[in-house]
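Scroll down for the structure; my scribbles are underneath it.
Just so it is clear, none of the values below were taken in a lab; they were calculated from the coordinates. Just so it is clear, the structure is predicted and the values come from calculations on it, not from any experiment. When we count neighbours, we look across all protein chains shown, and the Cβ atoms used for this are built from the backbone with ideal geometry, even at glycine.
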Amino acid sequence: VAVAAGRAQVQQEPSAETTEGTGISIKCSHPNIRIGDFIHFYRQLPGRSPRLLARAAKGSREVRDPVGWMSVSADRRWTILWLSQPRAGDA
């Protein structure tokens, strides 16, 4: 999946699967990101509005619900969202 946001091009797998309680990582590539741009991960459950999970321009950030972390690569070309113990309701 590729998403254009302003001039940014974002690519990630269209879906990922794991079993309940088994950690999963979601990698997002953004090779054309500009200085000062932030990367945002949102969660949208069926019938609900999107909710911000994590936001960063560099480094790593803790994610509280669901528990995990977000890490931006040193060159800012990709980001990983790691969910340590996803539940069925996180789908």
- Which percent of Cα pairs goes in each bin when the distances of the stretch 11-83 are cut into 10 angstrom slices starting at zero? 19, 51, 27, 3
- Note on the structure: In whole Hz, the Karplus estimates of ³J(HN,Hα) for the stretch 64-79 (6.51, -1.76, 1.60; θ = phi - 60°; x where Gly or Pro) are 9, 8, x, 5, x, 8, 10, 9, 9, 4, 4, 8, 6, 8, 7, 9
- Query: Are there GluC sites (Glu not before Pro) in the stretch 11-80 that DSSP marks as loop and that have at most 10 other Cβ atoms within 10 Å, and which are they?
  - Reply: Glu17
